[in-house]
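The values are calculated or read from the model by the stated rules, or taken from the named source; none is laboratory data. Computed from a predicted model, the values in this text were never measured in an experiment. Glycine gets a Cβ as well: all are built from the backbone with ideal geometry, and neighbour counts include every protein chain shown.
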Amino acid sequence: MAKIVINRERRTAQYFIEDLGDGIGLEMVLIPGGSFMMGSPEDELERNHNESPQHSVTIQPFCLGKYPVTQAQWKAVADLPQVNRTLDPDPSRFKGENRPVERVSWYDAVEFCDRLSQKTGRQYCLPSEAEWEYACRAGTTTPFHFGETITPELANYNGEYTYGAGVEGVYRKETTPVGSFGVANAFGLYDMHGNVWEWCADHWHKNYERAPTDGSAWLDDNDNQIRVLRGGSWGAHPGYCRSACSLDFDAADFRVDNNGFRVVCAAARTL
């Protein structure tokens, strides 16, 4: 059996905590600017055609949620004044204040960002697909930020399936509390692989031909309802949890119990 190589390092991260009231905070981690190769190389196991062509992208500094948005954070923001649409304060199937919120549409996630921006006076939004992958990789080029493979001891996915030299393990069949695996990447972010799929701002495209190279969201001028999800989920095969993997999904009110999100704040420019 091939040796499984998992990279573990201790690093510190710069961050701030957004006070949502009632003792609930939203931890935002500073992601430094830089350049990276977006997409997957042709020899990456289980890669998809939409991950090509690999291309260099330059990212400006930004702040990203340390974890996916939790149910406690969701409820706190859902209780704020409406901007464009109503929000269900308790949409999730798998209940728990520190579990990620799920069963939220792309439009729900945008409303969360709008309400949070209105409350704080700081601009919150969904990450672009490029920002998400850059933050997930944290300087790595392997399929996962911790190495060439993934195990159920490192992330929450369907452990009945394997990737590369990985081994079978537990299939939890539900979300887990954020950060519960204790595995952060070099930027200090948790749960970037598995647990819940995470909405991005971009419209879906079949490949990266003519994709932006400045880290901005790739948006169409038409009524394209299909948006991008990243990161895999508790129910996903491990190959879908790779750093480069993306999924297309309807932005409208079709809710499923493995779609969540994390938020971006432009406050990095003032730190």
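Restricted to the stretch 132-148, and to residues that are surrounded by fewer than 24 Cβ atoms within 10 Å (Cβ to Cβ) and of a type in the set (D, E, K, R), which residue is farthest from Phe112 (Cα to Cα)? Checked the stretch 132-148; the qualifying residue farthest from Phe112 (Cα to Cα) is Glu148. Of all the listed residues (Arg230, Arg242), the sole one being at pLDDT 95 or above, within 13 Å of the chain's Cα centre (by Cα), crowded, with 20+ Cβ neighbours inside 10 Å and under 15 Å from Ala201 (Cα atoms) is Arg230. Please enumerate the residues belonging to the stretch 47-106 that are under 17 Å from Ser128 (Cα atoms) and either aromatic (Phe, Trp, Tyr) or at pLDDT below 95 (or both). Within the stretch 47-106, Phe62, Tyr67, Trp106 meet the criteria.
Counting the residues of the stretch 41-80 that are hydroxyl-bearing (Ser, Thr, Tyr) and surrounded by 18 or more Cβ atoms within 10 Å (Cβ to Cβ) gives 2. Filter the stretch 46-73 down to the residues that are closer than 23 Å to Asp257 by Cβ, assigned to a loop (DSSP other than H, G, I, E, B) and not basic (Lys, Arg), then identify the one that is nearest to the chain's Cα centre (by Cα). Top of the filtered list is Pro68. Only one entry of Tyr157, Tyr171, Tyr124 meets the criterion of being touching a strand residue (DSSP E or B) at 6+ places or on another chain (Cβ under 6 Å) and either free of Cβ contacts under 8 Å to residues at least 40 places away in the same chain or of a type in the set (A, V, I, L, M) (or both), and that entry is Tyr171.
Only one entry in Ala76, Ala135 is out of contact with any Asp or Glu (no Cβ under 8 Å at 6 or more places or on another chain) and assigned to a helix (DSSP H, G or I), namely Ala135. Could you check Pro152 against (1) touching a Phe, Trp or Tyr at 6+ places or on another chain (Cβ under 8 Å); (2) of a type outside the set (S, T, N, Q); (3) in contact (Cβ under 8 Å) with a residue 40 or more places away in the chain; (4) not in a strand (DSSP E or B) and say which number it fails? Here Pro152 clears every test but (3).
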